[in-house]
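Engineer: Below you'll find the structure I mean.
Nothing in this text is a laboratory measurement; each read-out follows from the coordinates by a stated rule. Please read these numbers as outputs of a predicted model, since none were measured by experiment. Counting neighbours? That spans all protein chains shown, and the Cβs are built from the backbone with ideal geometry, glycine included.
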Amino acid sequence: MADASEGPGLPGGPTPWNRDSWDIEPDSIALALEVLNPRAAGKIMKEAFYGTRRFEDFQRRCELSRTVLSTRLRDLVAIGVLEKRPYREPGARERDEYRLTDKGLSLAPTLVALNAWAERWLADAPGPTVTLIHRDCGAPVHAVIACASGHDIAAVRDITATPGPGARPARPGAADASGPADGP
C-alpha cells in the first residue's frame, strides 16, 4: 500500500500527505485487529463464523478454560460482535447461546481474507484443513478488494492511504513535517 505522497495521482484524487504530519491513532485497522485480540477472541470469532453457538461447544472447539471463555464472550458481547440469546433444551434449564450480530457478520470478508492468506502462506502439506466454499455452487470463496466506484483492485500499490475525517494534525515536534513520507 502506498501513501498519497508517492505521487500526484489523478486530478481530484487524494491530496498528498506526509504520514508523520497526522495523528491517525487509533486507526481503523488497529481497531479491527483489537477485536480479534487476544488470541482467544480470534478463536471464538472463527468458531462463531463456522456456526458454533453454545458455550460448551466453544469451550471444546477453542480449548479454552471456562474462565477465559466467559471473559472473552462477555467482551465480544460488550463490543457488539456477538449477542446472547436464550435457549432451552427439553427438560433442561434455560441457557444462553452466542450468535453473530450484523457487526460480527460484517467481519466475514476479513475472516475470508485471513483464511486465504493462511492457505497460501501457512498451511502445511497436504493443504489447509478447512476450505470455504459457496453453499450454492461449491466453488471456493475468496475476498475481493474493490473501490466504492466498483473497480476491482488487483495490486496493493493501487491503494493509497490518506488522512480520514477523524485524523488530527500531529502535535508540533512529534515528527518533522517536512521529512520524507513513509511507504512500503
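Engineer: For the stretch 93-100, take each phi angle, set θ = phi - 60°, evaluate the Karplus expression 6.51 cos²θ - 1.76 cosθ + 1.60, and give the result in whole Hz per residue in order, putting x for glycine and proline.
Structural biologist: Coupling constants for the stretch 93-100: 6, 5, 10, 10, 10, 10, 10, 5 Hz.
Engineer: With θ taken as phi - 60° and the coefficients 6.51, -1.76 and 1.60, list the Karplus ³J(HN,Hα) couplings across the stretch 26-39 in order, rounded to whole Hz; mark glycine and proline as x.
Structural biologist: With coefficients 6.51, -1.76 and 1.60, one gets x, 7, 4, 5, 4, 4, 5, 5, 4, 4, 8, 10, x, 3 Hz.
Engineer: Moving on. What residues have an amide H closer than 5 Å to that of Asp23, excluding those fewer than 5 places away on the same chain, when H is modeled at 1.01 Å from N in the peptide plane?
Structural biologist: Arg168, Ala170
Engineer: Based on the alpha carbon coordinates of the stretch 41-135, what radius of gyration and maximum Cα-Cα distance (Dmax) apply, in Å?
Structural biologist: 14.8, 48
Engineer: Which far-off residues, 5 or more places away or on another chain, put their amide H under 5 Å from the one on Arg54, with H placed in the peptide plane?
Structural biologist: Tyr98
Engineer: Here's something else I'd like to know. As a test of the definition: which semi-axes, in Å, follow for the stretch 55-98 when you take the square root of five times each eigenvalue of its alpha carbon gyration tensor? Largest first, please. Display every interim value, and only then the final one.
Structural biologist: Values: eigenvalues 72, 42, 12 Å².
Result for the stretch 55-98: semi-axes of 19, 15, 8 Å.
Engineer: Still on this structure, I have one more. How large is ³J(HN,Hα) for each residue in the stretch 41-58, as worked out from phi by the Karplus curve 6.51 cos²θ - 1.76 cosθ + 1.60 (θ = phi - 60°), to whole Hz, x for Gly and Pro?
Structural biologist: 5, x, 4, 5, 5, 4, 5, 4, 4, 7, x, 5, 10, 9, 3, 4, 5, 4
Engineer: Pick out, in residue order, every one of the chymotrypsin sites (Phe, Trp or Tyr not before Pro) in the stretch 13-116 that is DSSP loop and has at most 16 other C-beta atoms within 10 Å; say none if there are none. Write out the running numbers ahead of the final one.
Structural biologist: Values: sites: Trp17, Trp22, Phe49, Tyr50, Phe55, Phe58, Tyr87, Tyr98; in loops: Trp17, Tyr50.
Answer in residue order: Tyr50.
Engineer: While we're here: Quick one: grab the alpha carbon gyration tensor of the stretch 9-95, order the square roots of its eigenvalues as a ≥ b ≥ c, and give me rounded if a/c is under 1.5, else prolate or oblate depending on whether a/b is larger than b/c. Don't jump to the answer; show the numbers that get you there.
Structural biologist: Values: a/c = 3.56, a/b = 2.84, b/c = 1.25.
Taking the square roots of the gyration eigenvalues as a ≥ b ≥ c, the stretch 9-95 is prolate.
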